[in-house]
1. Would you mind stating whether residue 187 is open to solvent by 50 Å² or more (accessible area, probe 1.4 Å), modelled with pLDDT of 95 or more, farther than 24 Å from residue 8 by Cα and out of contact with any Cys (no Cβ under 6 Å at 6 or more places or on another chain)?
2. Under 6 Å between Cβ atoms, which residue pairs at least 6 apart in sequence (or on different chains) link something in segment 35-58 that is over 15 Å from residue 216 (Cα atoms) with a partner that is open to solvent by 50 Å² or more (accessible area, probe 1.4 Å) and not small (Gly, Ala, Ser)?
3. Filter segment 164-178 down to the residues that are open to solvent by less than 80 Å² (accessible area, probe 1.4 Å) and assigned to a loop (DSSP other than H, G, I, E, B), then identify the one that is farthest from residue 93 (Cα to Cα).
4. Kindly check whether there is at least one residue in segment 131-147 that is among the aromatic types (Phe, Trp, Tyr), under 17 Å from residue 107 (Cα atoms) and in a loop (DSSP other than H, G, I, E, B).
5. Give the residue, chosen from 217, 168, that is more than 17 Å from residue 66 (Cβ to Cβ) and over 14 Å from the mean Cα position of the chain (by Cα).
6. Name the strands (runs of 3 or more DSSP E) wholly within segment 1-104 that hold at least 3 residues that are open to solvent by 80 Å² or more (accessible area, probe 1.4 Å)?
7. For segment 185-209, which residues satisfy the criterion of being hydroxyl-bearing (Ser, Thr, Tyr) and touching a strand residue (DSSP E or B) at 6+ places or on another chain (Cβ under 6 Å)?
8. Residue 198 fails exactly one of the following numbered conditions: (1) outside any helix (DSSP H, G or I); (2) open to solvent by 60 Å² or more (accessible area, probe 1.4 Å). What is the number of that condition?
Amino acid sequence: MADKLHEAVFTPVPSDWKRKPYFDYYYHRLKTKYNINHHIDITAFLKEKEIRQVKFYPAFLYVIMRVINQHEEFRMGFDEENRLGIWNYLVPSYTIFHQDDHTFSDIWSNYSPVFAEFYDSVMEDMNTYKEVKKIKAKENQPANFCPISVVPWLSFQSISQDTSSESNLLFPIIRFGKYYENDHKMLLPFSIFVNHAVADGYHTATFINDIEQFGNNAREWMDR
């Protein structure tokens, strides 16, 4: 992969950005964030995972990041000068669980659009930091990150999340739970917390539908 793909580039939005009135309304005036919960059909994805003998968590992280990096509204943020703009890609910032004391740590991994490269990077980081017990186990998290965590013990119907203080985070916060069988399909509880300033219901619904479609086309990209 060319080095340029690893370079994180931030591009400020232009002065005539078409969404600016919506952004200003939902970010400054009527500050709005929302959750959408959906149960994603991952039947074909799981079959391919078993055939390829890969682990679910890093493989599904790839699905999320591959799709999120195709949607620029979910790559929006502020730079160090507080300018609004779009990153050319995001990296995953995700949780790992410590079985012995039931705590978790947050780590991040590099992004690659190539499944094998992404999968190996995540597996290496999970192994490297599995015994590092602090909230931010891997340091030097880049500014272009997407927070993701999993609740593998529960097939929840819905989940909500928010912070008690103001935050300028525009990236989505993603959670998913324990998959289960229903009507001969394998379904995954999936939740996304969105800042309305950057994405409407249309954008979020499209993103979730793309997650399902891309995951179930795993035979096309899960080449190890």
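1. So residue 187 fails the test.
2. Listed by first residue and then by second, the contacts come to 58/123.
3. 165
4. Looking for residues that are among the aromatic types (Phe, Trp, Tyr), under 17 Å from residue 107 (Cα atoms) and in a loop (DSSP other than H, G, I, E, B), one finds none in segment 131-147, hence no.
5. It is 168.
6. Counting at least 3 such residues, we get no strands (runs of 3 or more DSSP E) at all.
7. Passing the criteria: 191, 204.
8. Single failed check for residue 198: (2).
The values are calculated or read from the model by the stated rules, or taken from the named source; none is laboratory data. Just so we're clear, the structure is a prediction, and the values are computed from it rather than from any experiment. FYI the Cβ positions are ideal-geometry reconstructions off the backbone, even for glycines, and counts take in every protein chain you see. Surface areas here come from the heavy atoms of the whole protein model, side chains and all, with no ligands, DNA or RNA. Shrake-Rupley method; radii C 1.70, N 1.55, O 1.52, S 1.80 Å.
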